[in-house]
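S.K.: Attaching a single structure in structure tokens format; questions to follow.
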Amino acid sequence: MLTLVRRVSTALGLAGMIALLFRLRGRGGVPPQSGGWREVSEAELS
Amino acid sequence: MRLSLIGLGATGSHIARQLSQSSFDELCLHDEVPDTQLKVTKSVKAIARDGLTVTGSDSPSADGADVVVLACPAGSHASMAKTALDAGSHVISLSDDPGEVQSLFGLGDLALRQNRTLTVGAGFAPGLSCILASFVAGRLDHVDVINTYKTGTAGPACARQHHHALKNRGSEWIEGNWVMRSGGSGRDLAWFPDPIGAKDCYRAALADPYVLQRSFPDAARITARMAATRRDRLTSRLPMLRPPHQDGGPGAIRVEVRGRVGGSVKTIIAGAMDHPSVAAAAVAAEVAGMVGAGQAPPGAGGLSAWPDPKAMLTKLRRRGVRVALYRGVLDSDSIGEVV
């Protein structure tokens, strides 16, 4: 039982540390600022 | 020239209004609900151009009609189309039921023998989706993959068909074979034109692949998906738990075509946002006008087989149906093309 608790707490601790690392060190970057939908004009259809 | 319109639901009544300014001489309207038929006939008469006779018909018979438009719920289109073709009428079907679409294509020989046009899928999807696929394919040397997506429904009959489609297996054309896939599987997040935005789309029993495959038999993959929520998927195997909306719009379609130009591979994405009932009606009315004017090829075919999709989109634009191309972020100068 004690072994299980120790393993679970180790796994949770490791997951937390990795998440913290990503949160502090991660660079999300800038979402795309261009692109998207553009209506087709009548000139393009002729 | 006489046109017979059978089915005056959300889409059918919009078709009738769109045809009120058409060049037909007579418009004969029928719906199985007498009150609906009376109301729609009265409202169309009020706005009809001078010289257009609008009448109500108590039976769905297309006797004497040059063009018959079938906008009634899916299920009876094939038998009605056969009767109309036998009587020498051109037929336009808005059915989106895959089994029925296959039955309609089975009437191709009869249509050719009669030298009449049988248009299969002249609505939103199939219909506008097929015109978009043809338009986009025109920018490529060879088409490899076509994926269509749709969201929204027209009237109650369309909503029931939508519900029915999600629980049934749909067909995908993969490397020269039809492969059956479970409805509600294969989640794919698709971005539709604004303001619809992103929707989770799933496989379903949809008719688009059957129509598109006839126009693009060399394509390696043709698939269709429709948007659904978790609740839609959970309740798809149950009867509809509440009555469907009178109009399930706004909706949208997205058509992704991947192919080759020269030595490079390109994906071009086109879409449209509109109320499905309104857009489907615009497509059907435009097709009816072209069929009546003898501008449609004889035999059975979908709109992806019709020549000059640009001309068709121009005419639809004048009816208020606007289409858009997706401009990719990687190649912002090349509008609508993602390398």
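S.K.: Rounded to the nearest 100 Å², what is the buried accessible area between A and B, both sides summed, probe 1.4 Å?
M.R.: Accessible area lost upon association: around 1600 Å².
S.K.: Between region A:3-46 and region B:48-125, how far is it from one alpha carbon centroid to the other, in angstrom?
M.R.: 51
S.K.: Between B:D188 and B:D86, what length comes free when the chain is fully extended (0.36 nm per residue of separation minus the Cα-Cα distance, one decimal in nm)?
M.R.: 32.4 nm
S.K.: Same structure again: After finding the eigenvalues of the alpha carbon gyration tensor for the protein assembly as shown, what semi-axes result from the square roots of 5 times each, listed largest first in whole Å?
M.R.: Equivalent ellipsoid semi-axes, largest first: 42, 24, 20 Å.
S.K.: What are the lysines whose alpha-carbon lies under 23 Å from the alpha-carbon of B:K167, with same-chain residues fewer than 8 places away excluded?
M.R.: Filter leaves B:K150, B:K199.
S.K.: For region B:9-149, would you read off the P(r) tail past 28 Å as a percentage of all alpha carbon pairs?
M.R.: 24
S.K.: Taking amide H positions as placed 1.01 Å from N in the peptide plane, with prolines and chain starts having none, which residues 5 or more places from B:G123, or on another chain, fall under 5 Å of its amide H?
M.R.: B:L128
S.K.: Taking 7 Å along the Cα-to-C-beta vector as the label spot, tell me the B:T53-B:R318 distance in nanometres, rounded to one decimal.
M.R.: Between B:T53 and B:R318, the simple spin-label model gives 2.7 nm.
S.K.: Taking the Cβ of B:E26 as the center, what net charge do the other residues with Cβ under 14 Å away carry, scoring Lys and Arg +1 and Asp and Glu -1?
M.R.: -1
S.K.: In the protein assembly as shown, what % of DSSP beta bridges are antiparallel (nearest 5)?
M.R.: Among the beta bridges of the protein assembly as shown, antiparallel pairing accounts for roughly 60 percent.
S.K.: Now for a different question. May I ask for the angle, rounded to the nearest 10°, between helix B:276-292 and the longest principal axis of chain B, with both axes built from Cα atoms and the value confined to 0 to 90°?
M.R.: Helix B:276-292 and the main axis of chain B meet at about 60 degrees.
S.K.: Sticking with this one: Mind checking region B:13-80 for trypsin sites (Lys or Arg not before Pro) that DSSP puts in a loop (not H, G, I, E or B) and that have at most 16 other Cβ atoms within 10 Å?
M.R.: For trypsin sites (Lys or Arg not before Pro) across region B:13-80 that sit outside H, G, I, E and B with at most 16 neighbouring Cβ atoms in 10 Å, the list reads B:R49.
S.K.: Please give the net charge around A:E42, taking every other residue with its beta carbon less than 9 angstrom from that of A:E42, where Lys and Arg add +1 and Asp and Glu add -1.
M.R.: With Lys, Arg at +1 and Asp, Glu at -1, the net is +1.
S.K.: I would also like to ask the following. Nearest 10 degrees is fine. How inclined is helix B:34-47 to the longest principal axis of chain B, computing both from alpha carbons?
M.R.: So the helix axis and the longest Cα principal axis differ by about 90 degrees.
S.K.: Okay, next question. Please give the net charge around B:Q37, taking every other residue with its beta carbon less than 9 angstrom from that of B:Q37, where Lys and Arg add +1 and Asp and Glu add -1.
M.R.: Spelling it out: positives minus negatives among the neighbours equals -3.
S.K.: Could you state the angle between the C-alpha long axis of helix B:309-318 and the longest principal axis of the C-alpha atoms of chain B, as a value from 0 to 90 degrees rounded to the nearest 10?
M.R.: Taking Cα atoms only, the helix is inclined about 60 degrees.
S.K.: Which percent of the accessible heavy-atom area of the protein assembly as shown goes to carbon and sulfur, probe 1.4 angstrom?
M.R.: 53
S.K.: Give the relative contact order (percent, whole number) for chain B; include only Cα pairs under 8 Å separated by 6+ residues.
M.R.: Averaging sequence separation for qualifying contacts and normalising by length gives 21 percent for chain B.
S.K.: State the answer as a single residue: which of B:P60, B:S20, B:P34 lies farthest towards the positive end of the charge dipole of region B:17-71, with beta carbon charges of +1 for Lys and Arg and -1 for Asp and Glu, about the Cα centre.
M.R.: Final value for the positive-end residue is B:S20.
S.K.: Could you point to the residue in B:S89, B:V261, A:G29 farthest towards the positive end of the protein assembly as shown's charge dipole, with +1 and -1 charges on the Cβ of Lys/Arg and Asp/Glu respectively?
M.R.: Toward the positive end, the furthest listed residue is A:G29.
The values are calculated or read from the model by the stated rules, or taken from the named source; none is laboratory data. Computed from a prediction, not measured in an experiment: that's the story for all the values here. As a convention, Cβ positions derive from the backbone with ideal geometry for all residues, glycine included, and neighbour counts pool all protein chains shown. Accessible surface is based on the protein model in full, side chains and every heavy atom, while ligands, DNA and RNA are left aside. Shrake-Rupley method; radii C 1.70, N 1.55, O 1.52, S 1.80 Å.
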